[in-house]
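Accompanying notes for the structure given below.
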Amino acid sequence: MTAMTKALDDLLASYVEALFPIIYIHHSDYVVADDIIDKAVKKVSASAKIFEFNNARGEVDFFTKAPRLACTLQEFLSLNADAGFEHQTFIVLKGVHNQLTLDEVVAHLKIISDNNLYRDGYYATVIIVSEKLIIPFELENYITLFDIPLPDSAQIGEIIRIFLRENMLSISDELLSEFVLSFKGLNDFQIRQILNLAYQDGGDISNADRALVLNEKEQFIKKTEMLEIVNFKETIDDIGGLERLKAWLGKKRVIFSSMDKALKFGVDSPKGIMIIGMPGCGKSLTAKATSKLFGVQLVRLDVGRLLGKYVGESEENMRKALTLAEAISPCVLWIDEIEKAFAGIGPGSGGHEVTTRLFGHFLTWMQEKSNTVFVVATANDITNLPPEFLRKGRFDELFYVDLPNDEERLKIIEIHVKKRGKWSSDLNAYSLVMATNGFSGADLEAVVKETIENAFINGDDGITTKMLENVIKETKSISVTLKEKILKIREKIQEYDITPASVNK
Ligand code: ATP
């Protein structure tokens with residue numbers, strides 16, 4: 001903890017000395033926040049007074065957390081607002097985000113802020129610590145956000161070592177490195193919580209705890225409601241066709257797996273890809289297979305979830321989500337249906353102002369990024385997507401996935417039949433290819449599933465070409481059900497320089 005908070009208390013002290021009236025620490029670990037506040041206060045003044053309000057308990061002693069006075073936030077602020085005239089004062093508010101929009105609370109915070117900025121002899125700084133960020137617009141100009149970064153690899157290693165020492169345990173260096181990687185993206189408190197759980201589980205920390213660690217981490221990340229770690233089995237071999245895209249990913253894997261060396265050599269760090277095209281043709285499958293190929297976790301970002309109702313909340317959520325992805329990295333960051341998140345933005349398009357700002361933020365991050373977060377964005381309909389997105393330079397490459405060609409359809413059928421253990425060289429490839437023109441990968445998978453299900457119900461040992469053909473005849477492919485949409489997607493694709501994912505296109 002000490003290593004982590006060292007530079008941060010200097011920074012917080014400098015904010016206080018520069019008379020920033022309200023400092024918002026958007027963080028859930030109050031122990032870490034207290035440590036930084038305590039050290040910063042000592043740096044600013046040895047005689048400073050700290051008044052703490054805790055949402056659950058009223059006024060408490062900052063150091064012992066013993067209750068001092070049962071009161072509301074309004075009463076607490078009213079009682080302590082003038083303390084800044086007598087001595088350097090810190091007003092610490094914990095978990096009060098839901099009350100920050102109350103008129104009386106806003107009024108008190110404004111008085112304290114104005115006094116701090118304009119009244120001689122008044123020194124009081126409000127420090128809000130909360131897991132949720134809510135900035136009422138009346139206080140927008142007074143509030144400064146203060147970030148506590150998630151621990152990096154060296155700091156995580158230190159947290160684990162301290163835990164092991166405290167519990168008189170030891171593990172190999174190799175296992176330590178693996179745990180460090182697994183804990184990336186979690187804060188100090190969460191890491192210690194998981195270590196405790198693992199320790200309680202078997203009385204030690206061992207290789208057997210790796211699954212538990214990953215599982216707990218997934219839960220923590222999910223709770224942030226910004227990112228989700230996705231688990232799946234598919235590999236690059238489960239994709240039928242898309243050979244150009246697969247070959248391209250294969251090359252990036254070489255760079256991604258020895259990033260340090262590659263960067264030193266002068267290679268640019270991979271940013272990511274955008275995969276555009278037909279529904280059910282392997283875009284999501286590729287996102288999953290990419291993370292398996294690179295040997296890193298797949299993390300999904302749902303931009304819609306980032307939208308908040310307060311000033312700056314959405315941008316802050318986006319910033320936090322991207323920072324979290326960086327902390328988890330190396331990883332593949334999957335943004336599914338990106339067209340829905342960023343559609344129709346920009347001047348004159350009638351799009352929402354907040355979404356436009358989010359989009360700008362994301363583009364800048366993409367442009368400047370030099371970390372090991374590899375973005376895989378997928379989209380069906382790019383009609384409403386801002387053209388800036390499709391310009392080269394944001395992504396390393398844009399790929400277009402069309403309906404599978406003859407060769408690809410056969411490969412896809414083969415993959416799904418083999419997956420279910422019913423492949424036979426007697427199946428007539430030519431007939432199947434001819435019968436499935438215009439089918440998507442998802443259509444083909446559905447055909448295989450149904451044929452095998454029918455065979456089981458009818459008591460057959462395996463499946464035949466005829467059985468597959470019968471189901472194919474009954475199936476309405478995507479080319480029929482989404483005719484208009486497909487035409488529209490193809491038309492739009494022509495306008496841009498987008499690389500076909502398949503070889504024979
Ligand atoms: P959407 O735009 O509707 O999300 P998508 O392109 O992301 O579609 P996927 O989720 O990748 O589609 O595919 C749906 C299912 O169809 C997959 O689970 C997979 O089993 C099958 N499938 C699609 N394309 C292929 C392919 N090229 N090879 C093997 N299976 C495929």
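The values are calculated or read from the model by the stated rules, or taken from the named source; none is laboratory data. Every value quoted in this text rests on a predicted model; they were computed, and no experiment measured them. Here the Cβ is made from the backbone with ideal geometry for all residues, glycine too, and neighbour counts use every protein chain on show.
Taking the criterion of being away from the ligand (no atom under 16 Å from the Cβ), of a type in the set (Val, Ile, Thr), part of a strand (DSSP E or B) and crowded, with 17+ Cβ neighbours inside 10 Å, would at least one residue in segment 253-270 satisfy it?
No; the residues of segment 253-270 include none that is away from the ligand (no atom under 16 Å from the Cβ), of a type in the set (Val, Ile, Thr), part of a strand (DSSP E or B) and crowded, with 17+ Cβ neighbours inside 10 Å.
Based on what the data block shows, is Glu445 loosely packed, with under 14 Cβ neighbours inside 10 Å, within 16 Å of the ligand (Cβ to nearest atom) and in a helix (DSSP H, G or I)?
No.
Just name the residue that is surrounded by the fewest Cβ atoms within 10 Å (Cβ to Cβ) out of those in segment 273-311 that are within 16 Å of the ligand (Cβ to nearest atom) and assigned to a strand (DSSP E or B).
Arg300
Can you name the number of the only condition in (1) in contact with a helix residue (DSSP H, G or I) (Cβ under 7 Å, 6 or more places away or on another chain); (2) in contact (Cβ under 8 Å) with a residue 60 or more places away in the chain; (3) crowded, with 21+ Cβ neighbours inside 10 Å that Thr436 fails?
Only one criterion in (1) in contact with a helix residue (DSSP H, G or I) (Cβ under 7 Å, 6 or more places away or on another chain); (2) in contact (Cβ under 8 Å) with a residue 60 or more places away in the chain; (3) crowded, with 21+ Cβ neighbours inside 10 Å is unmet by Thr436, namely (2).
Out of segment 358-413, which residues are away from the ligand (no atom under 16 Å from the Cβ), touching a residue at least 12 places away in the same chain (Cβ under 8 Å) and assigned to a loop (DSSP other than H, G, I, E, B)?
Lys369, Ser370, Asn371, Thr372, Pro386, Gly393, Arg394, Asp396
Looking for something over 32 Å from the mean Cα position of the chain (by Cα), within 14 Å of the ligand (Cβ to nearest atom) and of a type in the set (A, V, I, L, M, F, W, C) - is there at least one such residue anywhere in segment 472-485? Don't jump to the end; show me each part of the working.
Residues of segment 472-485 over 32 Å from the mean Cα position of the chain (by Cα): 472-477, 479-481, 483-484.
Filter once more, keeping what is within 14 Å of the ligand (Cβ to nearest atom): 475, 477, 481.
Okay, now just the ones that are also of a type in the set (A, V, I, L, M, F, W, C), so none.
No, segment 472-485 has no match at all.
May I ask you to list the residues in segment 204-244 that are among the hydrophobic types (A, V, I, L, M, F, W, C), within 11 Å of the ligand (Cβ to nearest atom) and within 24 Å of the chain's Cα centre (by Cα)?
Hits for segment 204-244 are Phe232, Ile236.
So the check is Cβ under 6 Å with 6+ separation or different chains; which pairs have a first residue in segment 154-182 that's farther than 16 Å from Ser206 by Cβ and a second one that's exposed (fewer than 15 other Cβ atoms within 10 Å of the Cβ) and of a type outside the set (Val, Ile, Thr)?
Taking only residues 6 or more apart or on different chains, the pairs are Gln155/Ala3; Glu158/Ala3.
The rows are residues; the columns are (1) at pLDDT below 85; (2) on the phi > 0 side of the Ramachandran plot; (3) in contact with a helix residue (DSSP H, G or I) (Cβ under 7 Å, 6 or more places away or on another chain).
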| position | (1), (2), (3) |
| --- | --- |
| Leu169 | no, no, no |
| Asp173 | no, no, no |
| Asn207 | yes, no, yes |
| Val213 | no, no, yes |
| Glu216 | no, no, yes |
| Gln219 | no, no, no |
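Tell me which residues, restricted to segment 456-503, are among the charged types (D, E, K, R) and within 30 Å of Pro387 (Cβ to Cβ).
Lys483, Glu484, Lys485, Lys488, Arg490, Glu491, Lys492, Glu495, Asp497
Within the group Leu324, Leu301, Leu245, Leu285, which residue is at pLDDT 95 or above and touching a strand residue (DSSP E or B) at 6+ places or on another chain (Cβ under 6 Å)?
Among Leu324, Leu301, Leu245, Leu285, only Leu245 is at pLDDT 95 or above and touching a strand residue (DSSP E or B) at 6+ places or on another chain (Cβ under 6 Å).
Tell me which residues, restricted to segment 312-345, are surrounded by fewer than 21 Cβ atoms within 10 Å (Cβ to Cβ) and assigned to a loop (DSSP other than H, G, I, E, B).
Across segment 312-345, the qualifying residues are Gly312, Ser329, Pro330, Asp336, Glu337, Ala343, Gly344.
Enumerate the pairs (first residue in segment 110-137 and under 18 Å from Gly95 (Cβ atoms); second residue anywhere and among the small types (Gly, Ala, Ser) and part of a helix (DSSP H, G or I)) with beta-carbon separation below 7 Å, excluding pairs fewer than 6 apart on the same chain, so at least 6 apart or on different chains.
From residues that are under 18 Å from Gly95 (Cβ atoms), the pairs are Val129/Ala33.
What pairs can you find where one residue is in segment 89-104 and on the phi > 0 side of the Ramachandran plot, the other is surrounded by 23 or more Cβ atoms within 10 Å (Cβ to Cβ), and their Cβ atoms are less than 9 Å apart, with a gap of 6+ or different chains?
As it stands, the answer is Gly95/Val129, since those pairs meet every condition given.
Which helices (runs of 4 or more DSSP H) sit wholly inside segment 452-505 and have at least 2 residues that are buried (at least 18 other Cβ atoms within 10 Å of the Cβ)? Quick ask: steps written out before the conclusion?
Working: elements: 465-474, 478-481, 483-494.
Fully inside segment 452-505 and qualifying: 465-474, 483-494.
Take Arg319 and decide whether it is in contact with a strand residue (DSSP E or B) (Cβ under 6 Å, 6 or more places away or on another chain), of a type in the set (D, E, K, R) and more than 22 Å from Ser440 (Cα to Cα).
no
Here are the criteria: (1) closer than 25 Å to Ala442 by Cβ; (2) more than 17 Å from the chain's Cα centre (by Cα); (3) of a type in the set (Gly, Ala, Ser); (4) modelled with pLDDT of 85 or more. Tell me which single one Gly295 does not satisfy.
(1)
Would you tally the residues in segment 416-433 being within 21 Å of Lys476 (Cα to Cα) and either surrounded by 16 or more Cβ atoms within 10 Å (Cβ to Cβ) or touching a helix residue (DSSP H, G or I) at 6+ places or on another chain (Cβ under 6 Å) (or both)?
Looking only at segment 416-433, we keep the residues that are within 21 Å of Lys476 (Cα to Cα), and these are 416-417, 429-433.
In the following step, the residues that additionally are either surrounded by 16 or more Cβ atoms within 10 Å (Cβ to Cβ) or touching a helix residue (DSSP H, G or I) at 6+ places or on another chain (Cβ under 6 Å) (or both) were identified as 416-417, 429, 431-433.
Within segment 416-433, residues that are within 21 Å of Lys476 (Cα to Cα) and either surrounded by 16 or more Cβ atoms within 10 Å (Cβ to Cβ) or touching a helix residue (DSSP H, G or I) at 6+ places or on another chain (Cβ under 6 Å) (or both) number 6.
Do any residues in segment 332-357 that are on the phi > 0 side of the Ramachandran plot have Cβ atoms under 8 Å from those of residues that are among the β-branched types (Val, Ile, Thr) and modelled with pLDDT of 75 or more, where the two are at least six apart or on different chains, and which pairs are they?
Qualifying pairs under 8 Å: Glu337/Thr378; Gly346/Thr356.
Within segment 295-305, can one find any residue that is within 26 Å of Lys492 (Cβ to Cβ) and of a type in the set (A, V, I, L, M, F, W, C)?
Among the residues of segment 295-305, at least one is within 26 Å of Lys492 (Cβ to Cβ) and of a type in the set (A, V, I, L, M, F, W, C), which makes the answer yes.
Please verify whether Asp381 is buried (at least 17 other Cβ atoms within 10 Å of the Cβ), under 19 Å from Gly277 (Cα atoms), not aromatic (Phe, Trp, Tyr) and not assigned by TED's automatic domain parsing to the domain that holds Glu316, treating the condition exactly as stated.
no
Can you work out which of the residues in segment 54-89 that are modelled with pLDDT under 90 and among the hydrophobic types (A, V, I, L, M, F, W, C) is nearest to Ile127 (Cα to Cα)?
So, considering only residues that are modelled with pLDDT under 90 and among the hydrophobic types (A, V, I, L, M, F, W, C), the one nearest to Ile127 (Cα to Cα) is Ala81.
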